[in-house]
Amino acid sequence: MTTSLTSLKDWIDKSVSQTLPENIHWCDGSEEEYNYLIKEMNKSGDLHELNQDNYPDCYLHRSDPSDVARVEHLTFICTKNEDDAGPNNNWMMPSKAHQKIDRLFDGAMRGRTMYVVPYCMGPIDSPHARCGVEITDSAYVVANMKLMTRMGSKALKRIEKEGNFVKGLHSTGQLDPNNRLIMHFPDELMIKSFGSGYGGNALLGKKCHALRIASWQAKQEGWLAEHMLIVGIENPQGETHYLACAFPSACGKTNLAMLIPPKSQPGWKVWTLGDDIAWLHLDKNGQMRAINPEAGYFGVVPGTNEKTNKNAFDMIKNKTIYTNVGLTKDNEPWWEDKDIGEPVTDWRGNSFEAPKGPAAHPNSRFTVSATNNPSYSKLAEAPDGVVISAIVFGGRRKTLAPLVYEANSWEHGVLIGAGVASETTAAAAGEVGVVRRDPMAMKPFCGYNFADYWDHWLSFSKKSNNLPKIFHVNWFRQNEAGEFLWPGFGENLRVLRWIIDRCENNVGTNETAIGGLPNSKDIDTNDLDISPEVLKELLSVENSEWRDEINSIGEYLESYGDRLPAALKKEFTKLEMALS
Ligand code: OXD
Ligand code: MN
């Protein structure tokens, strides 16, 4: 196979001369191709076949133990001007970055197959979708890209018609952490990733393209690329509201997107459109619409069980690639809180008799096509996406942030998003459980200066007066004994119902210095084991604690200097005054 598009052909030729692969395989995205790759990886040991009676078409991949998470400290945005990347990114001059990483690519595919992977992020016929081509020497990456994106001949056809695409060059190299780099060149629509086979570093359609490069493209073109799930909530009358929710990695986006309403909420249904990324644009009526650029899920496995996320639990019983989970004696995958079976082998492949740490890596993952999801929305393939009623920000905070509150305006909502903080998780290499600012849950993913990004967010209120309402939620409040105050999971529907009630103007708010909180009576606690005191605590704002928080947000915003938008400063001053 080859291509009629000269720019693509030239880039492939150049990459071949540089990396010197033994073979070139153009991916067509067919089932035959997927099955062939799986078979080859089973032979080579890249995959381990799981119990096919109970887990048909399921396989386990074990990463190199040094390569189990995104590496933010090795991820760079390479713009000519350092300020364009901003204090939120590691920066390198493009010429230097190319030089540094090209040295690693020289001859890197010797004796290996180069796969050329054309893919489309978004429904193939959507005007809002964008395409890319990933060149990789990892069959595991190709199989994941097949499950996660619209990959193969159809994408190539679109690329040839449009003529432009994001170029992604990837090699696992020797998986040496000292020779690992993830570089983004927004001006060239190019990504170069070397030395890692891990999802977010290697599946270039996902974080690298659909967030870092796309956020920058979106700024030029007037839309938004966000780290958000998209979920449809259908009421008993059959009306559906769509919400887009931004939570940091491993804070429950997949669980919320696939929520099963508890028995106490009869007639409610939940539909998944996406669990990680939303591309948002304004339609001609000024309504904000969302598409999910992805076609599958790369979800965190530990904690998934019949109670926390039955849809996901069922979804990953067939045609799933597991990465870094343990094994039972029956050759079934095992992870912490699976609640069934016992591990005999840990994620490294070692015996679990004398356990050293968990059986599954805390960031172990499943890769699965969205079509496996029992709650997959019919509208997930709609070329124009769905109208978003509410944008919801959130983080993992033990204290301070109430269960839910509403912004007074779009600008106030942007400030709430900019001030999001969350405890770090195992999704990225580094310390876990440290509170850090993670504006709009985009700290690791915004491909340009956050100050310019907030300015871009603020610009939407000049373009439309029909924008979604903005909220903030926190499912993770704890008492002094370290117990969660709110039951979470399916019960979160009660909070989403309040959000929808607010969008429909069905209920009022308790106005506080930080925004509108629910009146206790408006949160349905029917059938819930929660005392009025605990609910009161969840729905309270402690001004003195918030004064400390606002000081810390202020210091953070100041680190963006003169580039910080005046409208954001104004919102900040208003909040400061409300709290004084
Ligand atoms: C992810 C992440 O993999 O956010 O989605 O780390
Ligand atoms: Mn994510």
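The values are calculated or read from the model by the stated rules, or taken from the named source; none is laboratory data. All figures in this text were calculated on a predicted structure; none of them were measured in a lab. Glycine also receives a Cβ, built like all others from the backbone with ideal geometry; neighbour counts cover every protein chain displayed. Just the protein is used for accessible areas: all its heavy atoms, side chains included, with ligands, DNA and RNA removed. Shrake-Rupley method; radii C 1.70, N 1.55, O 1.52, S 1.80 Å.
Give the residue, chosen from ILE523, ILE500, ILE530, that is touching a His at 6+ places or on another chain (Cβ under 6 Å) and either under 28 Å from LEU256 (Cα atoms) or hydroxyl-bearing (Ser, Thr, Tyr) (or both).
Only one candidate qualifies: ILE500.
Which of the residues that make up region 536-556 are surrounded by fewer than 17 Cβ atoms within 10 Å (Cβ to Cβ), of a type in the set (Asp, Glu) and in contact (Cβ under 8 Å) with a residue 12 or more places away in the chain?
Within region 536-556, GLU537, GLU542, GLU545 qualify.
Contact list please: Cβ distance under 9 Å, first residue in region 340-356 and basic (Lys, Arg), second residue open to solvent by 70 Å² or more (accessible area, probe 1.4 Å), pairs at least six apart or on different chains.
These pairs meet every condition: ARG348/ARG62; ARG348/PRO65; LYS356/ASN350.
Among (1) away from ligand 2 (no atom under 16 Å from the Cβ); (2) outside any loop (DSSP other than H, G, I, E, B); (3) in contact with a helix residue (DSSP H, G or I) (Cβ under 7 Å, 6 or more places away or on another chain); (4) not small (Gly, Ala, Ser), where does PRO374 come up short?
The single condition PRO374 does not satisfy is (2).
Restricted to region 255-305, and to residues that are charged (D, E, K, R) and surrounded by fewer than 18 Cβ atoms within 10 Å (Cβ to Cβ), which residue is nearest to ligand 1 (Cβ to nearest atom)?
The extreme case among them is LYS269.
Could you list, in sequence order, the residues of region 452-476 that are part of a loop (DSSP other than H, G, I, E, B) and buried (at least 20 other Cβ atoms within 10 Å of the Cβ)?
PRO468, ASN474, TRP475, PHE476
Can PHE247 be described as within 26 Å of HIS184 (Cβ to Cβ), within 12 Å of ligand 1 (Cβ to nearest atom) and surrounded by fewer than 23 Cβ atoms within 10 Å (Cβ to Cβ)?
So PHE247 fails the test.
Got at least one residue in region 384-391 being within 16 Å of ligand 1 (Cβ to nearest atom) and on the phi > 0 side of the Ramachandran plot?
Among the residues of region 384-391, not one is within 16 Å of ligand 1 (Cβ to nearest atom) and on the phi > 0 side of the Ramachandran plot, which makes the answer no.
Hey, can you tell me all the residues within region 149-174 that are touching a residue at least 12 places away in the same chain (Cβ under 8 Å), over 22 Å from the mean Cα position of the chain (by Cα) and surrounded by fewer than 24 Cβ atoms within 10 Å (Cβ to Cβ)?
GLY152, SER153, LYS154, ARG158, ILE159, GLU160, GLU162, GLY163, ASN164, GLY173, GLN174
So, in region 418-451, how many residues would count as being at pLDDT 95 or above, within 16 Å of ligand 2 (Cβ to nearest atom) and buried (at least 22 other Cβ atoms within 10 Å of the Cβ)?
10
Looking at LEU181, LEU175, LEU147, which is the one that is out of contact with any Pro (no Cβ under 6 Å at 6 or more places or on another chain) and at positive phi?
LEU175
Let me spell it out: the conditions are (1) within 30 Å of the chain's Cα centre (by Cα); (2) among the aliphatic types (A, V, I, L, M); (3) part of a helix (DSSP H, G or I), and ILE514 meets all of them except one. Which number is the exception?
(3)
Can you name the number of the only condition in (1) away from ligand 1 (no atom under 16 Å from the Cβ); (2) under 26 Å from SER138 (Cα atoms); (3) open to solvent by 10 Å² or more (accessible area, probe 1.4 Å) that PRO186 fails?
Evaluating PRO186 over (1) away from ligand 1 (no atom under 16 Å from the Cβ); (2) under 26 Å from SER138 (Cα atoms); (3) open to solvent by 10 Å² or more (accessible area, probe 1.4 Å) leaves (3) as the failure.
Just checking, does region 480-500 include any residue being open to solvent by less than 20 Å² (accessible area, probe 1.4 Å), within 22 Å of the chain's Cα centre (by Cα), in the same structural domain as GLN265 (by TED's automatic domain parsing) and charged (D, E, K, R)?
Looking through region 480-500, none of the residues is open to solvent by less than 20 Å² (accessible area, probe 1.4 Å), within 22 Å of the chain's Cα centre (by Cα), in the same structural domain as GLN265 (by TED's automatic domain parsing) and charged (D, E, K, R).
Quick check on this structure: which one of SER364, SER351 is among the hydroxyl-bearing types (Ser, Thr, Tyr) and within 16 Å of ligand 2 (Cβ to nearest atom)?
SER364
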